[in-house]
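Working notes, structure below.
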Amino acid sequence: EVQLITNQFSAEFGGHSAGVASMITKSGTNSVSGSAFIMVRPGDWDARQPLAPTKTPYNQQQFGGTIGGPLVRDRAFYFGSYERRRERSSVTVTSQASFGEVVPTPADEHQGHFKGDIRFSEKNSLGIRYNMVRWNKDNESGGLALPGTGFIWDNNVDTVHGSFLTVVSDRFLN
């Protein structure tokens with residue numbers, strides 16, 4: 001669930017002047033459940049790039065899934081997700097220096113998320129989240145530029161977030 005509030009938001013969101021983005025992710029429950037998806041985009045129906053003498057290949061595959069459930073019934077839960085994107089594409093150089101040369105521009109991306117929740121009691125709980133992104137892109141620019149003028153980009157990000165929640169009373173939350 002994603003909620004964007006741009007005006008007249010309540011005091012629970014603090015003293016923001018522009019807007020608030022609130023996001024809720026899935027969590028584990030007392031039953032094991034999950035989902036899966038796959039998307040394949042072959043480049044057979046793609047048009048030729050403007051100014052290029054030939055059509056260049058473009059293929060993309062994307063797949064992933066989620067799973068969540070109990071570690072200990074009514075006490076500890078897990079939820080995880082994974083997504084993989086694989087792109088095998090090319091561009092055609094349209095500069096007169098290398099006109100018509102086809103330059104590959106592959107990209108690979110992995111994204112993962114894990115969330116664990118533990119309820120110690122009705123008033124105390126702990127949540128831990130881990131997010132991972134692995135992205136590799138070889139962006140040879142092609143177009144009017146010459147081959148070899150692009151960049152190779154590796155971007156690896158790991159994030160860990162933990163929260164301990166205590167309900168002191170019906171009116172006070174820490």
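Remarks
- Hits in the range 29-75 (condition: farther than 30 Å from residue 98 by Cα and acidic (Asp, Glu)): 74
- Any hit, the range 56-69, residues being open to solvent by less than 60 Å² (accessible area, probe 1.4 Å) and at pLDDT below 80: no
- The set of residues in the range 101-122 being at pLDDT below 90 and closer than 30 Å to residue 74 by Cα consists of 122 alone.
- Some residue of the range 88-100 being under 22 Å from the mean Cα position of the chain (by Cα), modelled with pLDDT under 90, farther than 30 Å from residue 126 by Cα and open to solvent by 70 Å² or more (accessible area, probe 1.4 Å): yes
- Of all residues in the range 70-87, exactly one satisfies the criterion of being among the aromatic types (Phe, Trp, Tyr) and open to solvent by 60 Å² or more (accessible area, probe 1.4 Å), namely 82.
Residue by residue, here is whether (1) out of contact with any Asp or Glu (no Cβ under 8 Å at 6 or more places or on another chain); (2) touching a residue at least 40 places away in the same chain (Cβ under 8 Å) holds:
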{"site": "114", "(1), (2)": "yes, no"}
{"site": "125", "(1), (2)": "no, yes"}
{"site": "136", "(1), (2)": "no, no"}
{"site": "139", "(1), (2)": "yes, no"}
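- Screening 21, 11 for residues that are of a type in the set (Gly, Ala, Ser), at pLDDT below 80, under 27 Å from residue 133 (Cβ atoms) and open to solvent by 40 Å² or more (accessible area, probe 1.4 Å) leaves exactly one candidate, 21.
The values are calculated or read from the model by the stated rules, or taken from the named source; none is laboratory data. Nothing here was measured: the structure is a model prediction, and the numbers come from that model. Every residue, glycine among them, receives a Cβ derived from its backbone with ideal geometry; neighbour counts consider all protein chains shown. The protein model used for the area step is the full one, side chains on, heavy atoms only, and it has no ligands, DNA or RNA in it. Shrake-Rupley method; radii C 1.70, N 1.55, O 1.52, S 1.80 Å.
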